[in-house]
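The values are calculated or read from the model by the stated rules, or taken from the named source; none is laboratory data. A quick note: this is a predicted structure, and the numbers were derived from the prediction, not measured. So basically every Cβ, Gly included, is an ideal-geometry build from the backbone, and we count neighbours across all protein chains shown. Surface areas here come from the heavy atoms of the whole protein model, side chains and all, with no ligands, DNA or RNA. Shrake-Rupley method; radii C 1.70, N 1.55, O 1.52, S 1.80 Å.
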Amino acid sequence: MSVGTIWVLAEAAEGGVASITNEMLAKARQLSDDVVAVFGGDGAAIAEQVGAHGAGSVLATGDLGGALPGPSIAGAMAAAIAGGAAPAAILIGTTYSGRDVAGRLSVKLDAPVITNIVDLADEGGLVGTEPIFGGASNVKTKFTSDKPGIFLIRPKSFEAEATGGGAAAVNALEVPDLGATGTAVVTNSFVEASEGPKLDEAAVVVSGGRGLGESDKYELIESLASKLGAAPGASRAIVDAGWVPYSYQVGQTGKVVKPDVYIAAGISGATQHLVGMKGSKTIIAINKDAEAPIFGVADLGIVGDVHKVLPQLLEALAARG
Amino acid sequence: MVEFHSPAAWEIGHKGRKLTAMKVAVCVKQIPDPADPGALDEATKCLKRDTKLILDESDSYGVEMALQLVDAAGGGEVVLISMAPNSEVNGLRTALAMGADQAILVSDDALAGSDALGTAKVLAAAIQRAEPDLVLAATESSDGYTGTVPEQIAEIMGLPSVTFAKSIVAADGSVNVQRQTEAGYDDVTCPLPCLVSVTAGVVEPRYPSFKGIMAAKSKPVDEVTIADLGIDAGSVGWAGAGQEIVAVEEAPAREAGEIIEDDGEAYQRIVSFLDELKVI
Ligand SMILES: Cc1cc2nc3c(=O)[nH]c(=O)nc-3n(C[C@H](O)[C@H](O)[C@H](O)COP(=O)(O)OP(=O)(O)OC[C@H]3O[C@@H](n4cnc5c(N)ncnc54)[C@H](O)[C@@H]3O)c2cc1C
Ligand SMILES: Cc1cc2nc3c(=O)[nH]c(=O)nc-3n(C[C@H](O)[C@H](O)[C@H](O)COP(=O)(O)OP(=O)(O)OC[C@H]3O[C@@H](n4cnc5c(N)ncnc54)[C@H](O)[C@@H]3O)c2cc1C
């Protein structure tokens, strides 16, 4: 069952490690007996959590002190590999920092990055599955180099799983001198206030698109979301138009969501949007165009005007209390 | 491999150079029109590129940002960098018409099937020719969207970088960037020369004017091969890829659902549906 040591890049999130980290640990455990979390921060802070999800140990750099994770973590990984560490594969989440780490590391190791991976299997070598054309086809790529395989994993590809393991042993990972590449520094961090459940973790997501007509009408989406305890989301069209912040965007260049219920109102269903929500358990779509591609993935499709259907729906829900 | 100036040499070259004239290199990918359905070539497993290529919309933001930064610096130059098959210049002309000054195009049959790392090696060598203060790219392209090329370019060139920029201000030999994060954004300061990747929607790309379109026709496009850049064909293109596509399969389709025409009462079906799903 084992392909050799697998490194998983651990990322911090509010209250511990990010869900993508636990998802990748679960997949790594299926493929290998030796799973190591690599962390650009204080290892002790996450040792228990990653241990409980399958990591035997943590390689941690300690606080990066404002340095960007990309060059620091990639530099530290490459130095450890030059010093004798020999991971067969390195799993990195498709996140803001993850892509930086993968890009920098690939140059240091002169090895390719296999990107947008939604599944990984051992078929006499690691084979990654990458959806293309909005998920209509899957490309399977085998890693053929003798270098460590660097895989960028899409969030929500695997189910996180608690293994009941104890706290992972923490080992130090040294960040070498990075020269000019390490000179960018974070001087301030801003957190956008958000209420309710997080978009990529919510059980119900209500998203709006250009079919809402104007910015003010996004209120319909927010009201319905708050009524259902859902997270509000959006298509890129209305993010680019400035109606809602980028953090609301669902799709290829936004968040991947897999809620129990996804409601799309006034969204056409472009392939780049579908990539981000096709994995939802149940999809409800409201669109006035019967030919809209969103109906191709909908379990319940209403061919109708959002300006009529949504207010009626809100009223009916309010009446139920 | 390509010989790059060491980072130290870069610093000396740029030391004391005030930002009164800023040279910005912008990576622009020329891609098949995303409105046309894509297809993979059966034999090579590469995206088919037999139609005329256009400027990737994602890169129009970088071009606009570069033009604005040069404006704000009180002068300078915007140099486009592109790697594309068959000496394609259609997308470059669009960006030149927006106002960019010149372009370097790498076109070489040996580059067919390049992976992101191979692409980055080629682009880095081309950028090196321009000796820019700042390199801009999009966070990810519309067709390949690996999102790794910009950071690979920065590492190859020994440059610091900031990815996912929402805004860029240049001052005193450095850039201040708002970088998108999961929770909001970070303020990041980065000394020049450096690379910054920009997200869609950061600026409003201008439409080329008629005058711009006419002027673009006579702007210089320097076409080079990988030999001109001193790159060995074995390290790029399909030969250098280190990965092998073993299968392309149809993904299982979702089952067709219940579609109803709104007769004024359809909202009730949503309510009962949500009820069945125990959401309410
Ligand atoms: C590289 C790249 C990455 C991208 N990434 C993303 C991404 O991450 N996420 C994303 O969403 N998009 C992404 N896109 C954009 C995508 O291609 C679409 O342009 C976008 O999703 C369209 O948004 P929309 O459905 O809101 O708008 P439109 O496509 O304009 O659709 C609006 C829909 O509303 C319907 N409508 C209009 N009026 C009403 C009404 N009164 N009642 C009901 N229905 C109505 C129309 O019939 C139409 O179907 C990306 C594109 C590219 C090139
Ligand atoms: C189905 C499929 C799957 C693939 N999977 C992988 C994979 O897993 N790993 C891998 O390494 N490659 C993969 N590739 C190849 C990859 O898409 C190409 O190598 C591509 O040339 C580079 O990457 P990108 O467009 O993904 O770049 P991105 O990193 O998404 O591009 C970001 C930015 O870099 C700049 N840029 C990128 N390419 C150019 C260019 N040619 N000219 C000018 N500027 C440019 C642009 O500003 C662009 O917006 C795949 C290709 C296909 C068709």
Legend entry - Peptides A:181-191, A:268-278 ordered by average Cβ neighbours within 10 Å, highest first: A:268-278, A:181-191
Inset, instruction - State, in square angstrom and to the nearest 100, the accessible area buried between chains A and B, both chains counted, probe radius 1.4 Å. - result: 6900
Inset, instruction - Quantify how strongly other chains surround peptide A:189-195 by giving the mean number of their Cβ atoms within 10 Å of each of its Cβ atoms. - result: 4
Legend entry - DSSP bridge orientation in chain B - percent antiparallel, rounded to nearest 5: 40
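Could you tell me what percent of the DSSP beta bridges with both partners in the range A:6-183 are antiparallel, to the nearest 5?
Values: 12 of 36 bridges.
So the antiparallel bridges amount to about 35 percent of the total.
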Inset, instruction - Summarise the partner chain shielding of A:114-121 as one whole number: the mean count of Cβ atoms from other chains within 10 Å of each residue's Cβ. - result: 2
Legend entry - Environment charge at A:Ser2 (Cβ cut-off 15 Å; Lys +1, Arg +1, Asp -1, Glu -1): -2
Legend entry - Mean Cβ neighbour count within 10 Å, used as a protection proxy, ranking A:62-69, B:65-72 highest first: B:65-72, A:62-69
Inset, instruction - Return the average number of partner chain Cβ atoms within 10 angstrom of each residue Cβ along peptide A:309-319. - result: 3
Legend entry - Rough spin-label spacing in nm, given labels placed 7 Å along Cα→Cβ, for A:Ala169 and A:Glu214: 6.6
Legend entry - Mean separation of Cα contacts under 8 Å (6+ apart) over length of chain B, as relative contact order %: 23
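Taking a threshold of 30 Å on the Cα-Cα distance, which of the pairs A:Lys108/A:Lys258; A:Lys217/B:Lys52; B:Lys52/B:Lys211; A:Lys198/B:Lys45; A:Lys255/B:Lys211; A:Lys198/A:Lys278 fall above it? Can you show the working numbers first?
Details: A:Lys108/A:Lys258 35 Å; A:Lys217/B:Lys52 39 Å; B:Lys52/B:Lys211 23 Å; A:Lys198/B:Lys45 38 Å; A:Lys255/B:Lys211 40 Å; A:Lys198/A:Lys278 18 Å.
Pairs exceeding the cut-off: A:Lys108/A:Lys258; A:Lys217/B:Lys52; A:Lys198/B:Lys45; A:Lys255/B:Lys211.
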Legend entry - Contact order normalised by residue count of the range B:46-139, Cα under 8 Å, 6+ apart, percent: 32
Inset, instruction - Rank-order B:260-269, A:99-108, A:253-262, A:13-22 by packing density, defined as the average count of other C-beta atoms within 10 Å over each peptide's residues, highest first. - result: A:99-108, A:253-262, A:13-22, B:260-269
Legend entry - J(HN,Hα) series, the range A:144-161, from Karplus relation 6.51 cos²θ - 1.76 cosθ + 1.60, nearest Hz, glycine and proline x: 10, 6, 8, 7, x, x, 9, 10, 9, 9, 6, x, 6, 7, 10, 8, 5, 8
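Would you work out the Kirkwood radius for the range A:6-183? I mean one over the mean of 1/r across all pairs of different Cα atoms, in Å.
That comes to 16.1 Å for the range A:6-183.
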Legend entry - Heavy-atom surface of the range A:6-183, accessible at 1.4 Å and reported per residue (Å²): 34
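Below 8 Å between Cα atoms, with a sequence gap of 6+, how large is the relative contact order for chain A in percent?
Relative contact order comes out at 15 percent.
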Inset, instruction - Please list, or write none, the aspartates and glutamates whose alpha carbon is within less than 15 Å of the alpha carbon of A:Lys142, excluding same-chain residues fewer than 8 places away. - result: A:Asp119, A:Asp122, A:Glu123, A:Glu130, B:Asp115, B:Glu244, B:Glu249
